[in-house]
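One structure is given here, and the rest of the page talks about it.
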Amino acid sequence: MSNKGIYRLFAFINLLALYFSGSRAAMISLFIVVFVFYFHKKKWNKKTLLSFVALCIAGYLSLTFLLNTGYFRFYNGLSSRDYLWELSFNIIKEQPIWGYGHGSVAGVLQNIGASISSSHNAYLDFIITYGYPTFFLYSFVIIKAFYIGAKNNIPQYVLKSAFLLCISANSISINLGGLGITSLLFTLFLGICNASNYKSFSK
């Protein structure tokens, strides 16, 4: 689909869906991904520079529009995520090496007064569950997949999608190997990044 004109239509529909979902974190992730990957394997010339200036202007106008419409809802702060993250770091200090075990996040948070079953940060949830050493190994697997994908010239839309989900995991639960639809997509994209013969794989 990415090689056909209809891709732009689906991209526009998805952008509208993202806007009306009201997800601030996902929108910020999109901005970050667009600007970071703009420089990915691009040759610097006048055309590239002009395109980048145009992208900056479009980004500025888009952010101004979102700010003026109250999209980012600053009055809500971080929707109590900052409180949950503070609690999570305090919990992690008690068991930084081994964590509290599989499926323990909800119980541990609720034992100290939280009324929710997640820290709303997939990485903090992972550390609470398994501890720092396992988290570093988990992070290595993800980083290595990105590296292999970039090295093997995996299509940008795969890298971009995985990177967007990786950033969004800071505010919602998206895990490598998880069962939710976003987690399944994240796992799929990273799996494609690890495919050394992508051209035959994609056929």
Open item on the list: Full-extension gain between residue 6 and residue 143, please, as 0.36 nm times their residue separation minus the C-alpha to C-alpha distance.
Closed with: 46.1 nm
Task: J(HN,Hα) series, region 156-169, from Karplus relation 6.51 cos²θ - 1.76 cosθ + 1.60, nearest Hz, glycine and proline x - done: 4, 5, 6, 4, 4, 5, 5, 5, 4, 5, 5, 5, 4, 5
Task: Nitroxide proxy distance, nm - points 7 Å out along Cα→Cβ at residue 52 and residue 151 - done: 2.7 nm
Open item on the list: Spelling out what I want: for every residue of region 84-97, take phi, set θ = phi - 60°, compute 6.51 cos²θ - 1.76 cosθ + 1.60 (Karplus), and round to whole Hz; glycine and proline get x.
Closed with: 5, 5, 5, 4, 4, 5, 5, 5, 4, 4, 6, 9, x, 8
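Could you sort 113-122, 184-193 so that the peptide with the highest average Cβ count within 10 Å comes first and the rest follow in order?
With the highest mean Cβ count within 10 Å placed first, the list reads 184-193, 113-122.
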Open item on the list: Considering all alpha-carbon pairs of the chain, what whole percent are spaced by more than 28 angstrom?
Closed with: 39 percent
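What is the dipole size for the chain, taken about its Cα centre, with +1 at each Lys and Arg Cβ and -1 at each Asp and Glu Cβ, in debye to the nearest 20?
I would put it at about 1240 debye.
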- [ ] Taking only protein heavy atoms into account and a 1.4 Å probe, give the accessible area per residue of the chain in Å².
- [x] 63 Å²
TODO: Read phi for every residue in region 16-32 and hand back ³J(HN,Hα) as whole Hz from Karplus 6.51 cos²θ - 1.76 cosθ + 1.60, θ = phi - 60°, with x for Gly and Pro.
DONE: 4, 4, 4, 4, 6, 6, x, 7, 5, 4, 5, 5, 4, 4, 4, 4, 4
Open item on the list: Over the chain, what is the relative contact order in percent, taking alpha-carbon pairs closer than 8 angstrom and at least six residues apart?
Closed with: 18 percent
- [ ] Can you tell me which of 59-72, 169-182 comes out highest on packing, and rank the rest after it, using the mean Cβ neighbours within 10 Å?
- [x] 169-182, 59-72
Open item on the list: Taking the 0 to 90 degree range and rounding to the nearest ten, how far is the long axis of helix 46-68 tilted relative to the main principal axis of the chain, both from C-alpha atoms?
Closed with: 50 degrees
Open item on the list: Probe radius 1.4 Å, ligands and nucleic acids ignored: give me the carbon and sulfur share of the accessible area of the chain as a rounded percent.
Closed with: 67 percent
Task: Other-chain or far-sequence residues with amide H under 5 Å of residue 171's (modelled H) - done: 122
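Can you check how the C-alpha radius of gyration of region 57-126 compares to 2.2 N^0.38 Å, as a plain ratio? Write down the numbers at each step before the final one.
Values: Rg = 16.8 Å, N = 70, 2.2 N^0.38 = 11.1 Å.
That works out to 1.52 for region 57-126.
The values are calculated or read from the model by the stated rules, or taken from the named source; none is laboratory data. Computed from a predicted structure; not experimentally measured. Ideal geometry is used to build each Cβ from the backbone, glycine not excepted, and the neighbour counts take in all protein chains shown. Calculation scope for accessible area: heavy atoms of the full protein, side chains included, ligands and nucleic acids excluded. Shrake-Rupley method; radii C 1.70, N 1.55, O 1.52, S 1.80 Å.
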